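Undergrad: Have a look at this one before I ask anything.
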Amino acid sequence: MQIRRTINGSIRLTRFKEYLAFVIVTSLLGATAASNGSFGWKLIGVLLANWLAVAFAFMINDVEDAEDDALTPHKCQRNPVSAHDLSPFTARLMSFGVAAGSALVYSTLGKTTFLLGMITLLISFLYSWKPVRLKNIAFVDFFVHGFMLSGLQFLTGYFTFDPAPFMHWIFPFLFVFCISCYGEMFNEMRDLDGDLKAGLKHTAAVLGPRVTARLMGAVMVLAVISGIITAFVIRLVAFWVLWLVLVLSLIFILPAVMRIRRNKNGIALQESFQKPLECAAAIALGSYFTWSWAVQHVLPWLAAFRLPT
């Protein structure tokens with residue numbers, strides 16, 4: 001029974017469902033912005049390293065926040081340390097093991113990527129570590145979050161391959177960075193009551209819900225503008241990728257639309273739309289890379305075995 005609780009707690013500690021698709025989007029956009037980003041071992045490596053780095057950020061956050069999360073019922077059940085399914089020592093050991101794995105993979109991807117990866121891991125630690133706790137410093141919190149959980153993943157994907165001109169990557173970078181900043185403020189608004197009880201002083205706690213909502217709107221406008229420039233001015237990806245994102249989004253969002261009448265909570269509604277969009281973008285970008293690879297490598301191989309007519 002205890003072994004089962006430990007295994008279950010270990011899986012919950014990674015919180016992989018919260019970032020799996022988004023890391024694919026940020027990493028692949030970075031690779032797309034580079035001059036020769038393509039599907040292969042380097043792309044698989046940067047995806048793995050970024051997944052592990054973001055996993056570390058979430059894991060160490062739950063370790064450091066265990067006492068605070070215990071004050072909020074839904075957080076207490078989600079956090080395996082708060083729920084006493086994992087000891088703080090075990091959870092911390094697992095967290096740093098994941099960080100070590102991430103560092104090892106980053107070290108195979110070049111000096112710049114390795115440096116960016118180490119910065120990611122350091123920020124991820126300082127973001128939650130109680131003596132520093134960057135997440136509890138108003139205005140610093142969402143900027144650091146933007147770099148930690150999207151901007152740096154984009155840059156590691158970009159610098160794993162050959163750099164491209166500045167104007168080719170700055171707008172897709174701003175797009176994912178602003179989306180992540182918005183996500184941080186969204187989470188702060190969602191958890192505001194519990195965070196105030198815990199004495200946190202992040203941006204939403206200092207500004208209040210109304211001003212924070214306006215700031216979120218401004219950040220989202222900047223994200224939309226950057227996204228439009230990325231898609232239609234720079235034309236970072238083929239238009240069929242955009243159509244695929246649209247079609248998949250409509251399919252994935254349909255269940256959420258069916259729940260709109262029953263759900264009066266605006267925060268919950270936004271959450272129900274967020275993950276389907278991330279999954280749609282991840283599948284479309286993954287298809288963009290794998291299709292190009294298949295056309296270049298698989299189709300010629302299949303053609304060689306075509307029977308003569």
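Undergrad: Holding the Cα-Cα limit at 25 Å, pick out from Lys17/Lys75; Lys111/Lys201; Lys17/Lys197; Lys130/Lys201; Lys42/Lys75; Lys17/Lys135 the pairs that are longer than that.
TA: On the way: Lys17/Lys75 16 Å; Lys111/Lys201 37 Å; Lys17/Lys197 27 Å; Lys130/Lys201 13 Å; Lys42/Lys75 37 Å; Lys17/Lys135 21 Å.
Pairs exceeding the cut-off: Lys111/Lys201; Lys17/Lys197; Lys42/Lys75.
Undergrad: Round to a whole angstrom and tell me the spacing of the C-alpha centers of region 116-132 and region 149-210.
TA: Here the answer is 15 Å between Cα centres.
Undergrad: Here's a follow-up. Quick one: order Ile24, Ile119, Ile60 by neighbouring beta-carbon count within 10 Å, fewest to most.
TA: Numbers: Ile24 22, Ile119 16, Ile60 25.
Ascending number of Cβ neighbours within 10 Å: Ile119, Ile24, Ile60.
Undergrad: As a test of the formula, what do you get for the chain when each DSSP H run with n ≥ 4 contributes -39,500 (n - 2.57) and the sum is divided by the residue count, at 222 nm and rounded to the nearest 500 deg cm²/dmol?
TA: Details: 16 runs with 223 residues, N = 309.
The helix contribution divided over the chain gives -23500 deg cm²/dmol.
Undergrad: Right, something else. Which stretch or stretches of region 43-80 have amide N atoms under 14 Å from the point lying 7 Å from Thr290's Cα along the Cα→Cβ direction?
TA: 44
Undergrad: Please rank Lys135, Lys111, fewest neighbouring Cβ atoms within 10 Å first, as an exposure proxy. Kindly include the intermediate steps, with their values, before the conclusion.
TA: Values: Lys135 26, Lys111 9.
The fewest-first ordering by Cβ neighbours comes to Lys111, Lys135.
Undergrad: May I have the convex hull volume per residue, in Å³, for the Cα set of region 1-142?
TA: On the way: hull volume 18.1 nm³, N = 142.
Cα-based convex hull of region 1-142, divided per residue, equals 127 Å³.
Undergrad: Go through region 67-150 and name the chymotrypsin sites (Phe, Trp or Tyr not before Pro) that are in a DSSP coil and have 16 or fewer other Cβ atoms within 10 Å of their Cβ. Before the final figure, lay out the partial values.
TA: Numbers: sites: Phe89, Phe96, Tyr106, Phe114, Phe125, Tyr127, Trp129, Phe139, Phe142, Phe143, Phe147; in loops: Trp129, Phe139.
Loop-located and lightly packed - Trp129, Phe139.
Undergrad: What ranking of Thr120, Thr290, Thr26 emerges when the number of other C-beta atoms within 10 Å of each C-beta is taken as an exposure proxy, fewest first?
TA: Working: Thr120 28, Thr290 13, Thr26 31.
Ranked by crowding around the Cβ, least crowded first: Thr290, Thr120, Thr26.
Undergrad: Where Lys and Arg each count +1 and Asp and Glu each count -1, what net charge lies around Ser82 among other residues with Cβ under 12 Å from its Cβ? Could the numbers behind the result be given before it?
TA: Working: positive: Arg12, Lys75, Arg78; negative: Asp62, Glu64, Asp65, Glu67, Asp68, Asp69, Asp85.
That sum, taken over residues with Cβ under 12 Å, equals -4.
Undergrad: Moving on to the next point. Quote the convex hull volume per residue of region 124-268, based on C-alpha atoms, as a whole number of Å³.
TA: Dividing the Cα hull volume of region 124-268 by its residue count gives 140 Å³.
Undergrad: Quick one: net charge around Arg133, please, counting Lys, Arg +1 and Asp, Glu -1 for every other residue with C-beta under 13 Å from its C-beta.
TA: Numbers: positive: Lys130, Lys135, Lys201; negative: Glu64, Asp65, Glu67, Asp68, Asp141, Asp195.
My count for the surroundings of Arg133 gives -3.
Undergrad: Can you give the FRET efficiency for Ile11 and Trp129, using 1/(1 + (r/R0)^6), R0 = 25 Å, r = Cβ-Cβ distance, to the nearest 0.05? Let's see the in-between values first.
TA: Details: r = 24 Å, r/R0 = 0.94.
That gives a FRET efficiency of 0.60.
Undergrad: I would also like to ask the following. Give me the net charge of His202's neighbourhood, meaning all other residues with Cβ under 9 Å from the Cβ of His202; Lys, Arg count +1, Asp, Glu -1. Each step should come with its number before you reach the end.
TA: On the way: positive: Lys135, Lys201; negative: Asp141, Glu184, Glu188, Asp195.
That sum, taken over residues with Cβ under 9 Å, equals -2.
Undergrad: Let me know the Kirkwood hydrodynamic radius for region 132-194, please, with Cα pairs as the basis and the value in Å to one decimal.
TA: Values: mean 1/r = 0.0788 Å⁻¹.
Radius from the Kirkwood sum: 12.7 Å.
Undergrad: Go ahead and run the numbers for FRET between Arg190 and Arg92, Cβ-Cβ distance against an R0 of 30 Å, rounding to 0.05. The partial results should precede the final answer.
TA: Working: r = 26 Å, r/R0 = 0.87.
That gives a FRET efficiency of 0.70.
Read-outs throughout are calculated quantities, based only on the coordinates presented, and are distinct from any laboratory measurement. Since the structure is predicted, the reported quantities are computational estimates derived from the model, not experimental observations. Note that we place each Cβ from the backbone using ideal geometry, even for glycine, and neighbour counts take in every protein chain shown.
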